[in-house]
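The values are calculated or read from the model by the stated rules, or taken from the named source; none is laboratory data. Here the structure is a predicted model, which means the values were calculated and not measured. FYI the Cβ positions are ideal-geometry reconstructions off the backbone, even for glycines, and counts take in every protein chain you see.
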Amino acid sequence: MLIFCAFVFVALSAVAIFLNRAGAQKKEAAVMPPPAMTNPSSTTTDNNAKPPAEELKKKLTPEQYHVTQQCGTEPPFQNEYWDNHRAGIYVDVVSGEPLFTSLDKFDSGTGWPSFTKPISKEHLKEKPDISVGMERTEVRSNKAGSHLGHVFDDGPAPTRQRYCINSAALKFIPVEKLKEEGYGEFLPLFEKAQKK
């Protein structure tokens, strides 16, 4: 009987130690933020361009937050800009960084806004992405590190590139509001296009 009691005592002590350590690990895990799919700080050049997560959750819709901050993808053909044909520019919904123009937008048949090139490559960061079992190139905004979409090499000439971008990551500024919204420097692009 004494041996049985000693065995029960040792077993209960082991369980208590295990539970104590597990509780401490839970506390540590609660303090440490969960790892992101990609590290936005590694792609961000201006730390002030991206507001804190709580502020972003108030500013963005749930879908915009999911796409830009959690590498989400919106449904094709059920998004704001896939079929937008107005003249203007598309900016990062988080930072306002200018990304694409309607002059470089084309109908790729995919159901997402597609562009042959960005306004400037300096406004984008590209990185390998194998998250869905295939090799792709993820596209993020430079300033805020927002996930935008992906770039593929199956686009039209002359670039042969297709920047397949989530509408939820973008804000459209129509050409008639460029100056008013602080993007007047891009008006000459549209003036040149009208002269052609």
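So, of the residues in region 161-196 that are acidic (Asp, Glu), part of a helix (DSSP H, G or I) and at pLDDT 95 or above, which turns out to be nearest to PRO75 (Cα to Cα)?
At the first step, the residues of region 161-196 found to be acidic (Asp, Glu) are 176, 180-181, 185, 191.
The next check asks that each one be part of a helix (DSSP H, G or I); those that pass are 176, 185, 191.
Imposing the further condition that a residue be at pLDDT 95 or above reduces the set to 176, 185.
Working: GLU176: 29, GLU185: 33 Å.
Only one residue tops the list, namely GLU176.
Taking the residues in region 161-180 that are within 23 Å of the chain's Cα centre (by Cα) and charged (D, E, K, R) as candidates, determine which candidate is farthest from ASP92 (Cα to Cα).
Looking only at region 161-180, we keep the residues that are within 23 Å of the chain's Cα centre (by Cα), and these are 161-174.
Now narrow it down to the ones that are charged (D, E, K, R): 162, 171.
Values: ARG162: 18, LYS171: 6 Å.
Residue satisfying both the conditions and the ranking: ARG162.
Before we move on, is GLU135 under 12 Å from TYR163 (Cβ atoms) and of a type in the set (D, E, K, R)?
On the way: under 12 Å from TYR163 (Cβ atoms): no; of a type in the set (D, E, K, R): yes.
Against the criterion (under 12 Å from TYR163 (Cβ atoms) and of a type in the set (D, E, K, R)), GLU135 does not qualify.
Which of the helices (runs of 4 or more DSSP H) contained wholly in region 32-82 include at least 2 residues that are in contact with a strand residue (DSSP E or B) (Cβ under 6 Å, 6 or more places away or on another chain) and modelled with pLDDT under 95? Lay out the reasoning, then the answer.
Working: elements: 40-43, 53-59, 62-70.
Once the helices (runs of 4 or more DSSP H) in region 32-82 are filtered for at least 2 residues that are in contact with a strand residue (DSSP E or B) (Cβ under 6 Å, 6 or more places away or on another chain) and modelled with pLDDT under 95, nothing remains.
Among the numbered conditions (1) among the basic types (Lys, Arg); (2) buried (at least 16 other Cβ atoms within 10 Å of the Cβ); (3) under 25 Å from ALA53 (Cα atoms), tell me where LYS127 comes up short.
Tallying (1) among the basic types (Lys, Arg); (2) buried (at least 16 other Cβ atoms within 10 Å of the Cβ); (3) under 25 Å from ALA53 (Cα atoms), LYS127 fails exactly one: (2).
Take the residues in region 130-142 that are of a type outside the set (D, E, K, R) and farther than 16 Å from THR159 by Cβ; name whichever of them is surrounded by the fewest Cβ atoms within 10 Å (Cβ to Cβ).
Taking region 130-142 as the starting set, the residues that turn out to be of a type outside the set (D, E, K, R) are 130-134, 137, 139, 141-142.
Retained after the next criterion (residues that are farther than 16 Å from THR159 by Cβ): 130-134, 141-142.
Working: ILE130: 9, SER131: 11, VAL132: 8, GLY133: 5, MET134: 7, SER141: 30, ASN142: 22.
Only one residue fits best here, namely GLY133.
Kindly provide the set of residues from region 70-114 that are surrounded by fewer than 19 Cβ atoms within 10 Å (Cβ to Cβ), hydrophobic (A, V, I, L, M, F, W, C) and closer than 17 Å to LYS171 by Cβ, ordered by number.
Result: ALA87, single match.
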